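Below: one structure, written as structure tokens.
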Ligand SMILES: Cc1ncc(C[n+]2csc(CCOP(=O)(O)OP(=O)(O)O)c2C)c(N)n1
Ligand SMILES: [Mg+2]
């Protein structure tokens, strides 16, 4: 049996923490520069408190903010013009796709639940652009269309899944919340809040067991972060040094509950402290900051140091799902985020500042509109699944 498997099977030894592989980034010894993360209404206060390893509770080999320090030293990814254009294109694709999905839902062409990702585009694009599609695993909750598009999955088969057609990525039987592609190593799409975190640890265990060098990125929301199984998972992932990045997409609300109303600790990046998981708080509205944070986290995880917990401060512009009247927040709050913190507008402004022509940007916008129109057309016109499909993919057995 390879040593890797042996290690995983061994019971924990008291000396395990001491023999832990050293972090690739030196633990911080003085307060970090303030994070560039901006305040998101309802998402807890910004990182204005003393941070880093000043606390006596933190031992020399663990500093909660060690990776934050590395991130603060170099906050934004040095993207080439081509890379930034690609990020812009992917974010615009998600935005237009979601707007179209919203329209189709309004027309009654999409049934069941549908949760839109509008506003949060920079998170999936920034993080997943640093992953190797088809090699590293991605798993998320029900707000999943953006993560699939960011992993290069064809918009047509995602849209056809939304309309319940046989050509959909889950053959029209999963719908918005339950999409899956083993080929791309996208493992869903989960309707049970928090479940994807434990499943993500299983995927990371698989990477470690096979020794394939892959990493799992497990996304969950600020509301899911209060689930018990999340902490059981943190414990096992840290104990076994699993290659996993836990990503809290803190969009300020869990359905109609603002973070401050539902969470005793609103700084989600701190929630791994008890398990010696380093935390990072990142401005999720800036695609280049997100990408740079991913670089730091991935270097640490790929080096065999175990998990990282990232908190991405972001915001959802639309309601929780299509049936949300959004009475728990003001229109002004939403408008302020749209006007002053929009990730797509910010990337566009960056591109123009670099001297990329407005024409080039318009070309992308036009191309994406066509792509999305074609996806919608395909989703509306392709046939529904055969009746015989009612009896496939159904688990039948004795327990
Ligand atoms: C175990 C479980 N409990 C409750 C629900 C109902 N529910 C669906 S979404 C949601 C809120 C989750 O909010 P958050 O984790 O912040 O994710 P967001 O919707 O903001 O992306 C709840 C409570 C559920 N689906 N599963
Ligand atoms: Mg939320």
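Do you know which of the residues in the range 264-279 that are part of a loop (DSSP other than H, G, I, E, B) and in contact (Cβ under 8 Å) with a residue 60 or more places away in the chain is nearest to ligand 1 (Cβ to nearest atom)?
Looking at the filtered set, the residue picked out is 266.
Of all residues in the range 221-239, those that are more than 12 Å from ligand 2 (Cβ to nearest atom) have Cβ atoms under 9 Å from Cβ atoms of residues that are modelled with pLDDT under 95, 6 or more apart or on another chain, in 239/12; 239/16.
For residue 225, the test of being within 13 Å of ligand 1 (Cβ to nearest atom), part of a strand (DSSP E or B) and touching a strand residue (DSSP E or B) at 6+ places or on another chain (Cβ under 9 Å) is failed.
Each residue in the range 309-323 was checked for being touching a strand residue (DSSP E or B) at 6+ places or on another chain (Cβ under 9 Å), near ligand 1 (Cβ under 10 Å from one of its atoms) and more than 15 Å from residue 334 (Cα to Cα), and 0 of them qualify.
Suppose the filter is modelled with pLDDT of 95 or more and more than 9 Å from ligand 1 (Cβ to nearest atom); does residue 232 pass it? Yes: the conditions hold for residue 232.
To keep it simple, each residue is scored yes or no on (1) under 30 Å from residue 271 (Cβ atoms); (2) at pLDDT 95 or above; (3) surrounded by fewer than 17 Cβ atoms within 10 Å (Cβ to Cβ).
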| site | (1), (2), (3) |
| --- | --- |
| 318 | yes, yes, no |
| 324 | yes, no, yes |
| 336 | yes, yes, yes |
| 347 | yes, yes, no |
| 367 | no, yes, yes |
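Checking each residue in the range 349-391 for being in a loop (DSSP other than H, G, I, E, B), free of Cβ contacts under 8 Å to residues at least 40 places away in the same chain and closer than 19 Å to residue 161 by Cβ picks out no residue at all. Selection within the range 240-263: residues that are within 16 Å of ligand 2 (Cβ to nearest atom) and in a loop (DSSP other than H, G, I, E, B). The member of this set that is farthest from residue 215 (Cα to Cα) is 256. Counting only residues that are surrounded by 23 or more Cβ atoms within 10 Å (Cβ to Cβ) and within 16 Å of ligand 1 (Cβ to nearest atom), which one in the range 198-220 is farthest from residue 131 (Cα to Cα)? Only one residue fits best here, namely 220.
Going by the structure shown, is residue 376 buried (at least 17 other Cβ atoms within 10 Å of the Cβ), at pLDDT 95 or above and in contact with a helix residue (DSSP H, G or I) (Cβ under 6 Å, 6 or more places away or on another chain)?
Answer is yes for this residue.
The values are calculated or read from the model by the stated rules, or taken from the named source; none is laboratory data. Source: prediction; values computed, not measured. Note: ideal-geometry Cβ built from the backbone for every residue, glycine included; neighbour counts use all protein chains shown.
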